[in-house]
Amino acid sequence: MVSIRSEIREYGLFPKKRLGQHFLVDPNILSKVVRTARVAKEDVVLEIGPGLGEMTLALAREVKKVIAVEVDPKLAAILREKATGHPAVEVVESDILKLDFKRFFKKEGRPVKVVANLPYQISTPLLFRFIESKEAFSTFTLMLQKEVAERMVAPTGRKEYGPLSIFVQMFLDVSIRFFIKPSAFFPPPKVESAVVQMAWKEKPMIEKEDEEWFKRVVKACFGYRRKTLINALRHSDLSLPESIESRMERIGIDSRRRPETLTIREFASLAEVLK
């Protein structure tokens, strides 16, 4: 692996804070991420924020195709140059949050795997977009801020438990595989990172047509996290039936409980009874 610091100097690059650019400079971590992703020759892989392309080229040697989405025009141009002679690499200059996943990956004819070092500031909205476009993806191997990873896997009752925990665990089996020190990146971020692996559950806990209402109920409950469930719901903008308390009692949920004490299945039952 060529020294990233040397390449940054060679290309006259200055990591952009607004884009969350932290280049992975530890080749051992890079190899570990690729091994964790368990990619195969027939796979199509989406890489987000490929930077100078070290992981892109490592993946290209293992899979059928790597689609590298880079928002920085200068980095995208450098990556195209470096990928010359690597027909498995397709460089897309775009903001990943604006990409229509379903339409973009329709031509591939199969769900793609995601292997990415996600910029910290877009990781949470991007996770929600992955869930909304679940038909486009198969598995995810993601480098994220440690704090976000811990929220994703948080069980009921933990302070980290919230809408992200619920929406991720509702649809995906998720695990933290290992942690990464700031020194593995240049420039080093102020926080630790974690590599998370996710795969879709065989059967989600709610039906597809109920997803939007379920999300609204969960967000309404956590919008007033310090309040009891009944008060949080009454302060929300949801259109609710008059007999909220009796409906909750009917499914065995005490209206005086706080949102973080409810399991995902209890949230699913609550959403159903409040429809």
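For segment 73-87, filtering for residues that are in contact with a helix residue (DSSP H, G or I) (Cβ under 7 Å, 6 or more places away or on another chain) and either surrounded by fewer than 18 Cβ atoms within 10 Å (Cβ to Cβ) or at pLDDT 95 or above (or both) leaves 1. Filtering segment 7-64 to residues that are modelled with pLDDT under 90, under 18 Å from the mean Cα position of the chain (by Cα) and not in a loop (DSSP other than H, G, I, E, B) leaves only L19. Scanning segment 246-266 for residues that are surrounded by fewer than 16 Cβ atoms within 10 Å (Cβ to Cβ) and either not in a loop (DSSP other than H, G, I, E, B) or not assigned by TED's automatic domain parsing to the domain that holds E212 (or both) turns up S246, E249, R250, T261, R265.
For K159, state whether it is crowded, with 18+ Cβ neighbours inside 10 Å, more than 24 Å from N28 (Cβ to Cβ) and of a type outside the set (A, V, I, L, M, F, W, C). Here the answer is no, as K159 does not meet what is asked. As for segment 196-207, it holds no residue that is under 22 Å from K159 (Cα atoms), in contact with a Gly (Cβ under 9 Å, 6 or more places away or on another chain) and not acidic (D, E).
Restricting attention to segment 154-171, the residues that are assigned to a loop (DSSP other than H, G, I, E, B) and either at pLDDT below 95 or in contact with a helix residue (DSSP H, G or I) (Cβ under 7 Å, 6 or more places away or on another chain) (or both) total 8.
Inside segment 172-223, can you point out the residues that are assigned to a loop (DSSP other than H, G, I, E, B) and without any contact (Cβ under 8 Å) to a residue 40 or more places away in the chain?
Step one: of segment 172-223, the residues assigned to a loop (DSSP other than H, G, I, E, B) are 181, 187-192, 201-207, 223.
Once the filter is applied, which keeps residues that are assigned to a loop (DSSP other than H, G, I, E, B) and without any contact (Cβ under 8 Å) to a residue 40 or more places away in the chain, segment 172-223 yields K181, K190, K201, E202, K203, P204, E207, G223.
Looking across V114, V69, V63, V92, one residue alone is in contact with a helix residue (DSSP H, G or I) (Cβ under 6 Å, 6 or more places away or on another chain), in the same structural domain as K32 (by TED's automatic domain parsing) and within 28 Å of V168 (Cα to Cα). It is V69.
The values are calculated or read from the model by the stated rules, or taken from the named source; none is laboratory data. Note that the coordinates shown come from a computational prediction; the quantities given were computed from them, not determined experimentally. All Cβ positions, even for glycine, are placed from backbone atoms using ideal geometry, and neighbour counts span all protein chains on display.
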